[in-house]
Amino acid sequence: MELHFEELLGKITDFIKSEAKTETVVGDQFELGNFKCVPVIKVGMGFGSGGGEGTEAKGKRGEGMGAGAGVGIEPIGFLVSKDDEISFIKAGKSGGLASVFEKVPDLIEKLAKNKSQQPEAVN
């Protein structure tokens, strides 16, 4: 039995390319008023494989192989931009996504204040 490691690694790499995307983990970028929010993820991976063959004392021959891979994907935060200003909002274990939602009322308040200060359009 022949182990085609390059072929296996290629298939695993293709799978990771198709699945380890921000869009598949936390979604696409979105807009909240004048703010653009882009999710950011961290990806970690590991691979392992092995194989062997042999003949026992009675002459019976055997062979085997195995392979495995693991992928960890974690949302780590959001890049938030408005005009030429960019901020990073961490979404780690200490604050989690809750920290993002804690800021939403402030963002809404700022948007409402800015909108109320703009002159109304005349038709």
Q: Describe numerically, in nm with one decimal, the distance between label points set 7 Å from Cα along Cα→Cβ at Glu31 and at Lys60.
A: 7.0
**Q.** Cβ-based exposure ranking for Thr13, Thr55, in which fewest neighbours within 10 Å come first
**A.** Thr55, Thr13
Q) Which of Val80, Val40 comes first, and how do the rest follow, when ranked by fewest Cβ neighbours within 10 Å? A) Val40, Val80
Q) Among Phe78, Phe88, what is the fewest-to-most ranking by other Cβ atoms within 10 Å? A) Phe88, Phe78
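Each value in this text was obtained by applying a stated rule to the coordinates, not by laboratory testing. Since this is a predicted model, take the numbers as computed values, not measurements. Quick reminder, even Gly has a Cβ in these numbers, built from the backbone with ideal geometry, and neighbours come from all protein chains shown.
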